[in-house]
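Shown next, in structure tokens, is the structure this report addresses.
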Amino acid sequence: MAASSEISLFTPWDYVVFAAVLVISAAIGIYYAFKGRGKTNSQEFLTGAKSMTAVPVAMSLTASFMSAVTILGTPADVYRYGAIFSIFAISYAFVVLICAEILLPVFYRLQITSTYEYLELRFNKGVRVLGTVIFIIEMVLYTGIVIYAPALALNQVSGFNLWGAMISTGLVCTFYCSLGGLKAVIWTDAFQIVIMLAGFIAVIIRGVVVQGGIQTVLNDSYYGGRLNFWDFDPHPLRRHTFWTIVIGGTLLWTGIYGVNQAQVQRYMACKTRFHAKLSLYINLIGLWVILICAVLSGLILYSIYKDCDPWTAKLVSAPDQLMPYMVLDILRDYPGVPGLFVACAYSGTLSTVSSSINALAAVTVEDLIRPYTNLSERKLSWISKGMCAFYGILCIAMSAVASFMGSVIQAALSIFAIVGGPLLGLFSLGMFFPYSNSLGAVVGLLSGFSVSLWVGIGAQIYPPLPERSRPLSLSTQGCHLVIPEGPDWNGTTALPVTMLSNSTTFLPESSARPEIADYWYSLSYLYFSILGTIVTVIVGLIVSLCSGGLKQNINRECLFGRQDCTFDMLCCFKSKKDDNVEITDLKASKEQGLDNPAYTMDNISLSFHK
């Protein structure tokens with residue numbers, strides 16, 4: 001099937017389906033706002049009163065993980081680089097295992113609302129504030145990009161108004177987050193994951209039918225070099241290999257999934273530790289299903305356009321626009337179905353944005369307001385809602401700024417890799433190294449962040465050469481159409497939109513490319529996180545040892561390994577009464593104004609289990 005320069009835009013039925021998703025998402029927020037009347041407090045709003053069960057939390061975790069970057073970018077990555085992206089299934093398994101068996105037991109035992117509350121319990125208030133501020137900057141910038149990038153990609157191929165798409169997305173998320181809190185976010189995510197799967201399935205079924213069966217798709221992919229599942233080249237400068245995906249991908253997503261407030265806040269909302277762990281393992285199945293759908297969609301995309309690449313033919317201005325282009329091409333005779341896919345992509349955006357807004361409100365209230373005020377729970381609840389509205393507007397404004405960034409968009413998306421590694425290193429210092437102290441934590445975090453920022457910015461200025469990223473060949477030999485001049489094939493302004501984890505930036509090669517660009521700056525983006533983690537831990541340990549870390553007394557409840565069963569699904573049935581004793585005493589120590597309870601072990605109740 002050849003690409004066509006005449007792609008139909010949305011029909012009224014497509015707009016109806018898309019609008020219905022936004023309306024239902026907003027309605028869920030209204031429902032929980034009315035349901036929660038008379039029970040208003042900040043804990044109810046930010047943690048769902050810790051009453052959630054495993055299944056909806058698992059669906060929410062999956063929806064939050066799979067943003068529009070995945071829905072639009074992963075198929076495009078498979079189209080250009082092959083199915084090696086599917087190796088991320090192994091990374092996801094390791095990530096869930098690490099989070100469920102190492103990080104969750106510590107967080108759940110302490111019953112924290114903000115992930116960065118742990119940093120005060122383990123180190124001091126200064127480390128907590130530093131971690132919170134870095135998280136806020138990271139999430140505001142990233143969320144603005146999440147709003148903007150899919151809006152632009154869909155605008156290019158569907159005729160959606162760019163500003164209307166960005167503003168409506170931000171306002172809907174802000175609306176139901178501000179009204180319904182975490183419960184609204186979780187249940188909306190559960191609804192949106194169903195929409196995401198429905199959109200993928202509709203595209204896959206129609207694509208297989210158009211190509212005459214799945215065997216045709218696989219044959220085309222095989223002869224086109226797309227079934228490159230295994231590449232064991234250990235070279236760290238190669239973009240995607242088995243090692244960069246499994247090792248680098250695991251550390252990258254552990255930084256996001258294991259210590260990022262937007263994710264931790266969800267499984268901390270479960271009513272027991274058993275439900276929290278179960279939600280992570282159920283979520284793993286969801287991640288695999290979404291990944292399979294995305295990879296299969298990418299193979300179908302290649303099979304359909306193997307002889308006439310719409311990107312090379314300038315029918316789209318960026319690889320991330322290929323999926324919506326194909327949807328409108330093969331589903332033009334099925335009114336409403338293209339709208340379902342657009343709803344699928346925007347469901348990913350809605351889930352990510354709503355998660356970010358709720359997490360930003362949580363860390364602001366718990367880390368920057370509650371410790372320094374004596375406000376009532378009711379007032380804190382209203383402040384939480386106000387923070388949701390504030391961050392929603394701020395993220396919409398950030399998306400407007402992003403519209404002027406052009407190729408800097410990829411640099412903004414790389415923040416997760418650049419910031420996630422050092423933060424993971426910071427939490428690793430706290431949980432696994434008893435002699436690390438607050439000075440080592442601060443110096444290590446800043447050192448790791450500086451190094452990862454250095455290589456990350458360098459990679460944006462001097463992108464890796466094709467011999468490093470190794471894109472597969474694309475063809476326009478089968479194109480029989482008049483190619484429009486310039487990128488504005490549908491009357492919109494084309495800007496380069498590329499996703500960090502899914503494609504490379506195409507910038508003019510500098511005539512004075514420095515030698516460091518072909519080595520240090522060409523490091524696989526999946527290793528940015530490992531680099532930040534290692535530097536943070538090593539520098540943090542050296543500084544701690546040089547500043548008296550071996551002489552300090554620490555609160556063992558903040559360390560991993562104490563009372564944490566390995567693969568302890570059965571151990572999670574431990575008496576809830578015992579957990580409450582621990583939590584009360586630890587919270588009491590913090591409320592007494594101790595900067596670092598780790599240094600004042602004698603003041604902590606003996607009810608901590610030996």
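The values are calculated or read from the model by the stated rules, or taken from the named source; none is laboratory data. Keep in mind that what you see is a predicted model, and the values were worked out from it rather than measured. Every residue, glycine as well, gets a Cβ built from its backbone with ideal geometry; the counts of neighbours run over all protein chains shown.
Side notes on the structure shown:
- The residues of the stretch 255-272 that are buried (at least 24 other Cβ atoms within 10 Å of the Cβ) and either at pLDDT 90 or above or among the charged types (D, E, K, R) (or both) amount to a single one, ARG266.
- Taking every residue in the stretch 271-287 that is closer than 10 Å to ALA58 by Cα and pairing it with any residue that is basic (Lys, Arg) and assigned to a helix (DSSP H, G or I), at least 6 positions away or on another chain, the pairs with Cβ-Cβ distances below 8 Å are SER279/ARG266.
- VAL259 vs. criteria assigned to a helix (DSSP H, G or I) and either over 24 Å from PRO464 (Cβ atoms) or out of contact with any strand residue (DSSP E or B) (no Cβ under 7 Å at 6 or more places or on another chain) (or both): no
- Residue in the stretch 101-122 that is small (Gly, Ala, Ser) and touching a Leu at 6+ places or on another chain (Cβ under 6 Å) present: no
- Flag not set for PRO75, criterion: at pLDDT below 80, in a helix (DSSP H, G or I) and within 18 Å of THR352 (Cβ to Cβ).
- Among the residues of the stretch 442-470, those that are in a helix (DSSP H, G or I) and hydroxyl-bearing (Ser, Thr, Tyr) comprise SER447, SER450, SER452, SER469.
- Of all the numbered requirements in (1) of a type in the set (A, V, I, L, M, F, W, C); (2) crowded, with 24+ Cβ neighbours inside 10 Å; (3) modelled with pLDDT of 75 or more, ALA149 misses one, and that requirement is (3).
- ILE205 under 30 Å from VAL535 (Cβ atoms), surrounded by fewer than 23 Cβ atoms within 10 Å (Cβ to Cβ) and of a type in the set (A, V, I, L, M): no
- Number of the exception - GLU101 against (1) buried (at least 22 other Cβ atoms within 10 Å of the Cβ); (2) touching an Asp or Glu at 6+ places or on another chain (Cβ under 9 Å); (3) at pLDDT 85 or above: (1)
- Enumeration of residues in the stretch 231-254 that are surrounded by fewer than 23 Cβ atoms within 10 Å (Cβ to Cβ) and either more than 21 Å from ILE530 (Cβ to Cβ) or among the aliphatic types (A, V, I, L, M) (or both): LEU237, VAL246, ILE247
- When residues of the stretch 312-340 are limited to those that are in contact with a Ser or Thr (Cβ under 8 Å, 6 or more places away or on another chain) and in a loop (DSSP other than H, G, I, E, B), the one nearest to TYR15 (Cα to Cα): GLY336
- Residue within the stretch 212-230 that is part of a helix (DSSP H, G or I), surrounded by 18 or more Cβ atoms within 10 Å (Cβ to Cβ), among the β-branched types (Val, Ile, Thr) and out of contact with any Pro (no Cβ under 9 Å at 6 or more places or on another chain) present: yes
- The residue that is nearest to ALA76 (Cα to Cα), among those in the stretch 269-298 that are more than 20 Å from the chain's Cα centre (by Cα) and not aliphatic (A, V, I, L, M), is GLY298.
- Within the stretch 305-341, the set of residues being surrounded by 23 or more Cβ atoms within 10 Å (Cβ to Cβ), over 19 Å from VAL21 (Cβ atoms) and in contact with a Gly (Cβ under 7 Å, 6 or more places away or on another chain) comprises just one member, ASP320.
Conditions tested, residue by residue: (1) of a type in the set (A, V, I, L, M); (2) more than 19 Å from the chain's Cα centre (by Cα).
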{"residue": "ASP189", "(1), (2)": "no, no"}
{"residue": "VAL194", "(1), (2)": "yes, no"}
{"residue": "TYR222", "(1), (2)": "no, yes"}
{"residue": "TRP230", "(1), (2)": "no, yes"}
{"residue": "HIS235", "(1), (2)": "no, yes"}
{"residue": "THR250", "(1), (2)": "no, no"}
{"residue": "GLN265", "(1), (2)": "no, no"}
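- Residues satisfying the stated conditions in the stretch 262-278, i.e. of a type in the set (A, V, I, L, M, F, W, C) and assigned to a helix (DSSP H, G or I): ALA262, VAL264, PHE274, ALA276, LEU278
- Contact annotation: residue pairs with Cβ atoms under 7 Å, 6 or more positions apart or on different chains, pairing a residue in the stretch 108-126 that is at positive phi and in a loop (DSSP other than H, G, I, E, B) with a partner that is of a type outside the set (Gly, Ala, Ser) and surrounded by fewer than 24 Cβ atoms within 10 Å (Cβ to Cβ), are GLN111/ILE583.
- Scanning the stretch 444-459 for residues that are surrounded by 18 or more Cβ atoms within 10 Å (Cβ to Cβ) and more than 18 Å from TYR116 (Cβ to Cβ) gives SER447, VAL451, SER452, VAL455, GLY456, ALA459.
- Of the candidates ILE357, ILE418, the single residue that is within 26 Å of ASP320 (Cβ to Cβ), assigned to a helix (DSSP H, G or I) and at pLDDT 80 or above is ILE418.
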